[in-house]
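Peer 1: I have a structure I would like to understand better, so I am pasting it below and will then ask my questions one at a time.
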Number of protein chains: 2
Amino acid sequence: MLNFSTYGQTYEQLENTIKKISQLSLIEDSLSDFIVLLEKVEYPKGHILIKAGRVERSVYFIEKGIARAYLDKDDKEITFWFGSESDILLSYNSFFVSQPGYESIELLEDSVLYKISNDILQNLYNNNLQLANWGRKLVESELIKTEERFISRQFKTAAERYKDFINSQPAILQRVQLRHIASYLGISQVTLSRIRADIR
Amino acid sequence: MLNFSTYGQTYEQLENTIKKISQLSLIEDSLSDFIVLLEKVEYPKGHILIKAGRVERSVYFIEKGIARAYLDKDDKEITFWFGSESDILLSYNSFFVSQPGYESIELLEDSVLYKISNDILQNLYNNNLQLANWGRKLVESELIKTEERFISRQFKTAAERYKDFINSQPAILQRVQLRHIASYLGISQVTLSRIRADIR
DNA sequence: CATCAAATTTTACAAATGTTAAAAAATGAA
DNA sequence: TTCATTTTTTAACATTTGTAAAATTTGATG
């Protein structure tokens, strides 16, 4: 549970932080019930928050930091997701259906997160209509984002995808190694270098 | 609303059909409430069920038939989804957030569908905890499927993706033109022909 | 500042995929 | 069946992207 005094925050400060994350302002009436169930956690750069092959029982809200989800293919790592401030972080397939996940998630900066277990969340969902609908909307918005990325992969060239990326997530470009961005865009690092050279 | 006598079905027959679709057996207690709100619709092959640029107010459950979602890119159509018996059919971004959708959905065979409007569904979600959680789980399972397709696009070769496709959806291969399958796999029809020739 | 290690870019060549056009095969209506 | 149309495959060539290795740049540290 959150220990407010430990972090020197008032409840109001915390509430403002949490509201920014994942449309939590939508559940105004239930917000305080929700907040007290969160656990604040901090990890250093390089920490592997979620490990492939395990069943993940927690979802995280990112207050500060950047994370990448990746999976191991042969001797390479394939990065397929970045998350930063105000994003939620979880292994979809592991968290939703309690199966071992295929992905790992690494923190790329020292990070501050709020954590809630699946057991607690399921209990909320089964007893609070407002939160159940908030959870549904949260997943709906993740689904739209994932589908849009999927489609753009299908009909845009590597150069177009890179330009989209620097327009939509310029901060990530500054904070993440280019080899991860190349992997995220589905191209080799050499191709990414060529695209960057052409743009210059 | 469903008019049972029109279609010569008993309620029990209809319930069995509906249960097969989209894990609706999960909402045993609310199932009959849900079923009476469905409207059965039938359309011929070639019908455009959902048109890009419109706000879509309905979701469909496919009882019989095949559909493809596509978008127009320059003078080409990009197919990015197939649905058949037991799948749900909707424009994610249009239905979930009431925006004009970017995709069209065409029926590739004469089809039988059950339809429910977003207004009715939202009303159910806001008044029935069991249905709200069923809706959340439905979206969660769509999200897992979409993410898996996204990732496989990123690290599998065109040949691997084709083999995955014929293993996981052999029936679709028999029922859909190869040009649509090539588009779905993100490759040209020429490349698909080459892959098929190599396998033979 | 000098040095080392890691990250990124560049080069050279190979492999995969795309484009266009044409040929072949399959489909479906009369 | 025949014929016309559509779909699929093949061929030839162009372009994109990948791999491996070398060169360069960047960043951290003494």
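Peer 1: Given the condition of a type in the set (A, V, I, L, M, F, W, C) and under 22 Å from A:V41 (Cβ atoms), answer yes or no: does some residue in region A:146-161 qualify?
Peer 2: No.
Peer 1: What residue, of B:L124, B:L131, B:L113, is more than 23 Å from A:V97 (Cβ to Cβ) and part of a helix (DSSP H, G or I)?
Peer 2: B:L124 is the lone residue from the list that is more than 23 Å from A:V97 (Cβ to Cβ) and part of a helix (DSSP H, G or I).
Peer 1: Listed residues B:L129, B:L113, B:L138; which is touching a helix residue (DSSP H, G or I) at 6+ places or on another chain (Cβ under 7 Å) and either more than 16 Å from DNA strand D (Cβ to nearest atom) or free of Cβ contacts under 8 Å to residues at least 12 places away in the same chain (or both)?
Peer 2: Just a single option satisfies the conditions, and that option is B:L129.
Peer 1: Right, something else. If the requirement is being free of Cβ contacts under 8 Å to residues at least 60 places away in the same chain and within 13 Å of the chain's Cα centre (by Cα), which of these qualifies: B:L90, B:L108?
Peer 2: Going through B:L90, B:L108 in turn, the sole match is B:L90.
Peer 1: Please name all residue pairs, on different chains or six or more residues apart, with Cβ atoms under 6 Å, provided the first residue is in region A:173-200 and is within 14 Å of another protein chain (Cβ to nearest Cβ) and within 17 Å of B:F150 (Cβ to Cβ) and the second residue is within 8 Å of DNA strand D (Cβ to nearest atom) and in a helix (DSSP H, G or I).
Peer 2: Hits for this filter: A:A182/A:Q189; A:A182/A:L192; A:I187/A:A158.
Peer 1: Report whether or not B:K115 is more than 14 Å from chain A (Cβ to nearest Cβ), under 30 Å from B:S30 (Cα atoms) and modelled with pLDDT of 90 or more.
Peer 2: It is true that B:K115 is more than 14 Å from chain A (Cβ to nearest Cβ), under 30 Å from B:S30 (Cα atoms) and modelled with pLDDT of 90 or more.
Conditions tested, residue by residue: (1) away from chain B (no Cβ under 11 Å); (2) within 16 Å of DNA strand C (Cβ to nearest atom); (3) buried (at least 19 other Cβ atoms within 10 Å of the Cβ); (4) modelled with pLDDT under 95.
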{"residue": "A:I66", "(1), (2), (3), (4)": "yes, yes, yes, no"}
{"residue": "A:S98", "(1), (2), (3), (4)": "yes, no, no, yes"}
{"residue": "A:G135", "(1), (2), (3), (4)": "no, no, yes, yes"}
{"residue": "A:Q169", "(1), (2), (3), (4)": "yes, yes, no, yes"}
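The values are calculated or read from the model by the stated rules, or taken from the named source; none is laboratory data. This one's a predicted model, so the numbers in the text were calculated from it and none came from an experiment. As a convention, Cβ positions derive from the backbone with ideal geometry for all residues, glycine included, and neighbour counts pool all protein chains shown.
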